[in-house]
Each structure stands twice: as structure tokens, then as C-alpha cells.
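Note sheet for the following structure.
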């Protein structure tokens, strides 16, 4: 490979947090010289004039889930590289909840074949909780963790979402953590509500990070107890950023994406998070450091994170250091247009959706007779995934409630007939139609939400015919997004997936839905560790207390 010299560059030094005008050379895929001033050389090389564009190290996303973009690693890499993301630490717990360890191996193999560098975290909570709150479809046990920890680029144990399992010292979960510590893996956390002694016990188990919705008091306590605090979009409030900017040492604060749906991925990835942080008051070079050198240090990646001699020459150019739109991306010195992406090989993965028999009654409220009834109703807001619970009098007719309610049906994907639970959600706004999805954090049972039994039934039939995915039906419009790999992801390009998903979201909005991120909200309705009340195939779940509740 011929040496390349890049001149007239505004080099972003994320270590000193300064910008200097200079030049750098790339040889055999690595930075060679990185110097201030003008370049003079008589050696044969390819000389590239950057015309005073900023040069930024490739972004490193220290906590994310590829499957949230509904695509394979190969399709994800094509999209994310365009936005400057050079490496990710992904936790494939979505596909693990469908295929177990085989699903994790598939994601590792697919990721290791791509120019974007995929590091893997072994899912720790499959199923998501050890308590019988739902019907799980697969599991990861200590033996799996031991085996997977030996694979290339496996560096972490994925987010320990069953934080109550740690507090209560669940035997299986503690053994999984013990195996991770023995193999010197990072251990990722998920602790939305832990404080005081409970948080200390959680951290003492070996857990080193948290990425959940946060506030200044929570950030202060977690930092003081030695955690790495990961800030995702929903936590980029001006209040949080002002608090962060007051810390003399921000080396343990990272910017991450967590979940990025396809319609957002086509527009940006970690670059959008960094840009939003800057817009809301985060100092630009410090924000960039929290997406480059800091995650590299956290993940112990010694050859990435900064534009420095000897490191991998993965970087991008941009005209604006505060709005980080990528102009040109280079991976190991090679331009994006010249990179090779290998398609995913998934033919050995089996079908996992077994449902064949569909009855109309399965979509009606569980154990609720017609008439006025006092029922438990899950409530929502229009901005995030937080939910509450009220008990109020509802008028029920033929299994459907009158008013601003929708039926939420959760069916077990491995049963031959529709078996599960149907409850009520208030505030979604849907006036007509139904949406059904086999992508539903984290067990990925079938979730159907709608106002009409007939629409729910038709949408579910279509989903089963295509072996999984998402379907919207309102009596006139039938919109389908196939997810042929376990009903969770597809090998199609992100742009194609985004187009179909956008059509579904527009139809939801046309029919009354006003939530900021309706698809993301719907996919988390069955997540039994997401505050505070969610749905499972066994009933309404009080997620904070790990309790099952009935409709009444």
C-alpha cells in the first residue's frame, strides 16, 4: 500500500483538546507522522490536500445493540461508517433471546468480517430476569459465557439488567458474573433506579458502567463510586450537561447510542449524539473526546481513539466541529467507497416462530367480561418509554375498551396457537388499525397493539406468513417489514428497512399516535426490566418490584 500524506489538515487532538493545522502520513493502514506546520517531502507518495477541513478520529460507541437497527452487522457497518463510527461494543442480547449462544456466534462472525470494528459483549441476562415474569425463548448460562469469552473481539459481559438478581445474589447470575471476572471481561451495567447501599452492592459485584436515563444526582453518585457513566440521547439535557461540565475530570464519561432505529441511522449515528451534546452546552472537543479516546481507554483498545503515530488510520473529515457531518471517511487509510463488506451467512439458523392457529378471542382482554369494569391500565407519556399504572373504570365491549385505550397482546412465539395475555394501554392515541411486531425487547414474543380485533387478527396473520417482522393494518393499508432472521433482523440494506419503517410510522401518526418515537416505544412495551409497568405473555408486570399483576 502506497504511503499517503494528508496536508492542510485541521487536526483534532482529543488528548490535549486542541486543534492544530498540520499534516499526517498513513503507511500500511496506520498513522505514521502527525506534525504541525507545512509538509515537505520528495518521497514517492499520494499527496491529498484536505483544504483546512477538520480531521476527527473515528468514533467509538462503547454501548449499543446492532439489532435495534433491525439489520445484520454487515448492513449496519455500511450505514454507520458513513457517519464516522469506526468501532462499537455491541451486546447482541436481542438475537441471543431468540437463538441463544448460536445467535451470539452468528453476530460475532458477521461482525468480524467487516471493516467497521465490532467488539462483542456476551449477553448476561437471557432471559432478561430470573423471575417468572414472562415466557422466555432462549437462555445464556455460565458455560456459554465461558465458551464465548474465548472468541475473537469478545471483551465484555453485556449489561446486567437483572439488577435485583445481583442485589438478591441470584446463584446463576452471580456465577455468570464470576466467569466474566475470571476471564477479565468488562462488565456492563443497567441500573436505572439503584441508589445508596444497593448501588454499592451492584458495583461491588464487578459492574463498571451504566447507560440508563440519568440526572445530576445519579451521575455524581455513580462517578463517586467508580462507575463509567454513559450518556445517551435521552440523557442529553442541559441540566445534565451543565453538571458534567463542572467536573474537573470527565475521563469516565462516555457518549453512546444504545438503540438507533433504521429511520434514524440513515441520518446519523454517534456523530448525531456528539453534535446534540455540543448544541446543548457540552464543550466541542470534550464531547468528541467522550466518543473517541475515552471509550478507547475504557474498552482497552490501544490502537484507536486519537490521531497519533502508530494508531490505526481510521478518521473522517468535516467542515464544522460543532455539527459533525462526515465529508470523507477513511478506514485504515482507505476511503469508504473502496471498502469491502461481506454479506451475513445465516442459513444455519432455524425458524423460531411456531404459531399456526389464530383465533379471534385471543385478541380480547384477558378474563374481562363486557360492561363497565374496574381495570388495571398501563399509562404512558409522549416523550420516552416510562410507563405508569392506574386502576379505573372502563367500558368494555366485545373485548375492546371504549375511549383512549388500545389492546396490548403479547403471545408466545414458540406455541402453535396464540397463547398469552391481553391488557390495556392508555394514551397511545391510536384511533384505527393495529401494529404487530416479532421484534419486542427482550424475549421477542409477538406483541400486537390495536383498536380493532379484526385488524389485530389480520396484521398477525400477515406477520406469521412472512416468518416475523412488523406489520401495520388499518382496514385499507397493509404495510409490511420482513425480518427474516429470527423475526428480529434482516440482511437488507438499512435504507430499504428505514423506508418501510418510515411508512409504518407515518401511518401510526396519521391514525392518531403522537409519541416522539412510537416504534421504539412499542418495541419496549414488553421489556420486563423497563420502568415501571410493562406487558408480558403472563400479564402486566411491575418491573421495579418484579411482580406479575392481573387486569383487575
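All of the numbers you see were taken from the coordinates with simple rules; none came from a lab. This is a predicted model, so every value here is computed, not measured. Heads up, the Cβs are rebuilt from the backbone with ideal geometry, glycines too, and the neighbour counts pull from every protein chain shown.
By how many nm would the segment from residue 336 to residue 198 grow when fully extended, if each residue of separation counts as 0.36 nm and the alpha-carbon distance is taken off?
Full extension of this stretch gives 45.0 nm more.
In nm, give the distance between the simple-model label positions of residue 300 and residue 225, each being 7 Å from the Cα along the Cα-to-Cβ direction.
2.4 nm
In what sequence do 421, 63, 269 fall when counting other Cβ within 10 Å, fewest first?
Listing 421, 63, 269 from fewest to most nearby Cβ atoms yields 421, 269, 63.
What share of the DSSP beta bridges in the chain is antiparallel, in percent to the nearest 5?
Values: 68 of 100 bridges.
Looking only at bridges with both residues in the chain, the antiparallel portion is about 70 percent.
How far apart, in nanometres, would the label points at residue 35 and residue 465 be if each is projected 7 angstrom from Cα along the Cα-to-Cβ direction?
With each label point 7 Å from Cα toward Cβ, the separation is 6.7 nm.
With an 8 Å Cα cut-off and a minimum separation of 6 or more residues, compute the relative contact order for segment 42-150 in percent.
Once normalised by length, the contact order is 25 percent.
Could you tell me how far the Cα centroid of segment 224-247 sits from the Cα centroid of segment 462-522, in Å?
33 Å
Take every DSSP beta bridge with both residues inside segment 360-549 and express the antiparallel ones as a percent of the total, to the nearest 5.
DSSP beta bridges in segment 360-549 are roughly 95 percent antiparallel.
Residues of segment 523-552 with backbone nitrogen within less than 19 Å of a virtual label 7 Å along the Cα-to-Cβ line of residue 384, please, listed as ranges.
Flagged as within label range: 523-535, 542-545.
Is the shape of segment 360-549 best called rounded, prolate or oblate, per the rule: a/c under 1.5 gives rounded, else a/b larger than b/c gives prolate, else oblate, with a ≥ b ≥ c the square roots of the Cα gyration tensor eigenvalues?
It comes out rounded by the Cα gyration axes.
When the Debye formula is applied to the Cα atoms of segment 1-99, each taken as the same point scatterer, what base-10 log of I(q)/I(0) results at q = 0.16, 0.18, 0.24 Å⁻¹?
-0.80, -0.90, -1.22
Please report the relative contact order for the chain, taking Cα pairs under 8 Å with a sequence separation of at least 6, and give it as a percent rounded to a whole number.
About 15 percent, as a whole number.
Could you work out the helix-only [θ] at 222 nm for the chain, with each DSSP H run of four or more residues adding -39,500 (n - 2.57) and the total divided by the number of residues, to the nearest 500 deg cm²/dmol?
Theoretical 222 nm ellipticity from helices: -7000 deg cm²/dmol.
Relative to the first principal axis of the alpha-carbon coordinates of the chain, what is the inclination of helix 171-182, with its axis defined by its Cα atoms, in degrees from 0 to 90 and to the nearest 10?
10 degrees
Rank the residues 45, 331, 73, 125 as a footprinting-exposure proxy: fewest other Cβ atoms within 10 Å of their Cβ go first.
Numbers: 45 15, 331 23, 73 30, 125 26.
Placing the least packed residue first, the sequence is 45, 331, 125, 73.
Over what distance in Å are the Cα centres of segment 1-30 and segment 276-320 separated?
The distance from the Cα centre of segment 1-30 to that of segment 276-320 comes to 14 Å.
The list (i) 137; (ii) 222; (iii) 155 gives values of volume of the Cα convex hull per residue in Å³, and only one came from this structure; which label was calculated from it?
The value matching this structure is (i).
Under 8 Å for C-alpha pairs, at least 6 residues apart: give me the relative contact order for segment 4-56, rounded to a whole percent. Working shown, then result.
Details: 103 pairs, mean separation 24.8, N = 53.
Rounded, it is 47 percent for segment 4-56.
Specify the inter-centroid distance of segment 99-113 and segment 179-223, based on alpha-carbon positions, in whole Å.
Here the answer is 26 Å between Cα centres.
I need the calculated FRET efficiency for the pair residue 132 and residue 545, taking r as the beta carbon distance and R₀ as 22 Å, to the nearest 0.05.
Working from the Cβ atoms, E equals 0.95.
Which distance in nm do the two modelled labels at residue 2 and residue 414 give, with both placed 7 Å along the Cα-to-Cβ direction?
That separation, rounded to one decimal, is 5.7 nm.
Kindly work out what percent of the DSSP beta bridges joining two residues of segment 4-56 are antiparallel, to the nearest 5.
Of all bridge pairs located within segment 4-56, approximately 65 percent are antiparallel.
On a 0 to 90° scale, report how tilted helix 101-112 is relative to the longest principal axis of the chain, with both axes built from alpha carbons and the result rounded to the nearest 10.
Tilt relative to the chain: about 30 degrees.
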